[in-house]
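The values are calculated or read from the model by the stated rules, or taken from the named source; none is laboratory data. If you're wondering where the values come from, they're calculated on a predicted model, not measured in any experiment. Neighbour counts run over all protein chains shown; Cβ positions are idealised from the backbone, glycine included.
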Amino acid sequence: MIGPEEGHFALALACVVALAQFVLPLYGASRHDRRLLALAPLLAVSQFIALALSFFCLVWSATHDDFSVQNVADNSAIAKPLLYKITGTWGNHEGSILLWTLILGLCGAAVALFGRGLPAILRARVIAILGGVSAGFQLFCLLTSDPFARVWPAPTDGRGMNPLLQDPGLAFHPPILYTGYVGFAVPFAFAVAALIEGRVDAAWARWVRPWAVAAWSFLTCGIALGSWWSYYVLGWGGYWFWDPVENASLIPWLTGTALVHSSIVVEKREALKIWTVLLAIATFSFSLSGTFLVRSGILNSVHAFANDPARGVFILGLLAVVIGGSLLLFAWRAPALVSGGLFAPFSREGALVLNNILLCSICAVVLTGTMYPPFMQLLFNRTISVGKPFFDAATIPLTIPLLAAMALGTMLPWKRAHARPVLRRLRLAAACAVIALGVACWTLSGLMPILCAVGAVWVIAASLTDLAGRLGLSHFNAAHTLARARSLPRSAFGATLAHIGAGVTVLGLCGMAQAQHAIVEVRPGHTETLGGYQWTLLGVHEAKGPNYTSLIADIAVRRHGRLVTVMHPSKRDFAAQSQTTTEVSIRTNLLWDLYSVIGDRHGAGSAATYVLRLHVNPLAPWMWLGGLIMAIGGFLSLSDRRLRVGAARRTAQVRGVAAE
């Protein structure tokens, strides 16, 4: 039989297994005990199976309307669609933490199953560290956030889900985002294991990089999906509001991007070892810190789940152990990680170092702007707000040189570069940038959007130029090009796609900087002009949904007298939850979005007026298209067999024999 009691037991069992997974392999590694080392992957897989069973029991309770479970009673209802009964299990605090632990258990099982080429001792230490972190979150579930807590007497029906969460975009946003967050636990575990061993080399970097790329790709997808959701669900007309919880996901993305690039330097040149280890620790630490900020109630946000001091104190203690312990270990053992591979400043290594400096500088700005208000409130009882003007003014000047370095770095050779051949290869990209400058000056307003647009075109053109050079397109020989394409690693195509995606996203941001919007109050039949379009409110009518009533507007949009589209934004009133939501109407052709929202009604009858929010958003779809392209580039890199096995496997086997 499957039910909440079985789920709770499975969660407790997983916690015991996780603690054993933490202690026994570490002890075995210190004693070189082969039996304990061999036990590590078995414990990791067993823990994941127990967590999967626990999570399945929670889903089972939700889909079978077991309202004796507090989590189900608070977040579900009989009339709720099946899809949202399933996804609603992670649309709340308790369920989301259980999902977090499940993904963390999956990471440990993945290292156990796919890490067979690792040295036995390194593999055991990595799995042990993942088990320790997982045990901490499972204790958090059991002690302060039990997803299987009972309520008695059981209600006949639940309260239902937050209407804002009843959307496919947000339904799948948390698992993807959490996979990105939690995925960085694997590079973190490799970093801590390397500090314990006192050794980092090219093989270590080759094993770390796929996990970092996978986590980065999922985090990119999660952030893009969340941004898209806020754009078409919240009805605020924007895509990113520098909300503290939004920033909490951006910070590890920035350091994770730096980690992916610095690990390449360790792999190719065995340089930046200490820095790469620190980035691995910092990225996962920022992921954990984001969890603390969301769950503790410190930050007021549309995204925040809970305001419970007990939970906040527990997570703060977990942070102190995980982050503080890893940083103390780093301070003790980092000097033993001797770097090799000297290089000139003007080289690919130098460009990647500059890339890291700029990414971490942007991260520092975002972190400061996010944490400054709560610290001021805590220390001086002063309430201040840090918003879009600060973040834009502080991050955009750092983004422009970052775009320049991205394009230049792909063209530079390792160790030392000479300017003349590099500039010769960049002639076409420079010509495209000059053309883009003319177009940007004509179509965009503001110095920063113009420079960013030129930088984005520069990155895209340079990336394509570099790929064309690798493929030998200058030879104009199809057979030769095809042969080179077959021999070129898929990671090269993936890196090109990722850089192109970054450029496309920046172009979308520049386009949105030119967006036009208006908030108007009109009667049916009235016409407003915005962005060269005529917007006419044809009428407004009411309709009933399954658990809401809606007010629907019919808006005709014309351009030069020709009908472009009829839009139907609506406003939904959920009586059971005493909540009102907006349903945005968007018409897009991938070059611009027409965007409309209906607001409040004033008056009654024929004299009633309606508030409308109207937008013309140039290049808006490019922001999320760019994020998708970046993620595809990351996943394409992961499909490269040489990235997954190759030299790292052979080196690992040699080290494993030596260790035994």
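Quick look at the numbers
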{"item": "Scope region 603-628; condition within 25 Å of G256 (Cα to Cα) and buried (at least 23 other Cβ atoms within 10 Å of the Cβ); matching residues", "result": "W622, M623, G626, G627"}
{"item": "Out of R424, R416, sole residue that is of a type in the set (D, E, K, R), over 25 Å from I629 (Cα atoms) and in contact (Cβ under 8 Å) with a residue 40 or more places away in the chain", "result": "R416"}
{"item": "Top-ranked residue of region 360-391 - restricted to ones that are part of a helix (DSSP H, G or I) and farther than 17 Å from V245 by Cα, ranked as modelled with the lowest pLDDT", "result": "L378"}
{"item": "Helices (runs of 4 or more DSSP H) contained entirely in region 17-108, each with at least 1 residues that are under 23 Å from the mean Cα position of the chain (by Cα)", "result": "34-63, 82-87"}
{"item": "Residue check, R333 under 27 Å from A280 (Cβ atoms), surrounded by 19 or more Cβ atoms within 10 Å (Cβ to Cβ) and of a type in the set (K, R)", "result": "no"}
{"item": "Helices (runs of 4 or more DSSP H) wholly inside region 159-246 containing at least 3 residues that are within 30 Å of M512 (Cα to Cα)", "result": "168-183, 202-232"}
{"item": "I129 being surrounded by fewer than 24 Cβ atoms within 10 Å (Cβ to Cβ), aliphatic (A, V, I, L, M) and out of contact with any Pro (no Cβ under 7 Å at 6 or more places or on another chain)", "result": "no"}
{"item": "Of all residues making up region 592-625, the number that are under 25 Å from the mean Cα position of the chain (by Cα) and outside any strand (DSSP E or B)", "result": "7"}
{"item": "Answer residue from region 304-350, given it is more than 24 Å from F188 (Cβ to Cβ), part of a loop (DSSP other than H, G, I, E, B) and not small (G, A, S) and is modelled with the lowest pLDDT among those", "result": "N307"}
{"item": "L428, sole failed condition from (1) under 25 Å from P618 (Cα atoms); (2) more than 29 Å from the chain's Cα centre (by Cα); (3) not charged (D, E, K, R)", "result": "(1)"}
{"item": "Scan of region 479-533 for residues that are touching a Ser or Thr at 6+ places or on another chain (Cβ under 6 Å) and surrounded by fewer than 18 Cβ atoms within 10 Å (Cβ to Cβ), ordered by number", "result": "R490, E521, R523, T527"}
{"item": "V260 vs. criteria over 23 Å from I176 (Cα atoms), in contact with a helix residue (DSSP H, G or I) (Cβ under 6 Å, 6 or more places away or on another chain) and hydrophobic (A, V, I, L, M, F, W, C)", "result": "no"}
{"item": "Among the candidates P413, P421, residue that is assigned to a helix (DSSP H, G or I) and either charged (D, E, K, R) or under 28 Å from P345 (Cβ atoms) (or both)", "result": "P421"}
{"item": "All positions within region 533-551 that are touching a residue at least 40 places away in the same chain (Cβ under 8 Å) and not aromatic (F, W, Y)", "result": "L537, V540, P546, N547, L551"}
{"item": "Unmet criterion (only one of (1) out of contact with any Leu (no Cβ under 6 Å at 6 or more places or on another chain); (2) farther than 29 Å from V506 by Cβ) for A215", "result": "(2)"}
{"item": "Failed criterion for P153 (all others in (1) in the same structural domain as F55 (by TED's automatic domain parsing); (2) over 24 Å from the mean Cα position of the chain (by Cα); (3) surrounded by fewer than 20 Cβ atoms within 10 Å (Cβ to Cβ); (4) touching a residue at least 60 places away in the same chain (Cβ under 8 Å) hold)", "result": "(4)"}
{"item": "Restricting region 67-106 to residues that are among the β-branched types (V, I, T) and touching an Asp or Glu at 6+ places or on another chain (Cβ under 6 Å), the residue that is farthest from G226 (Cα to Cα)", "result": "I78"}
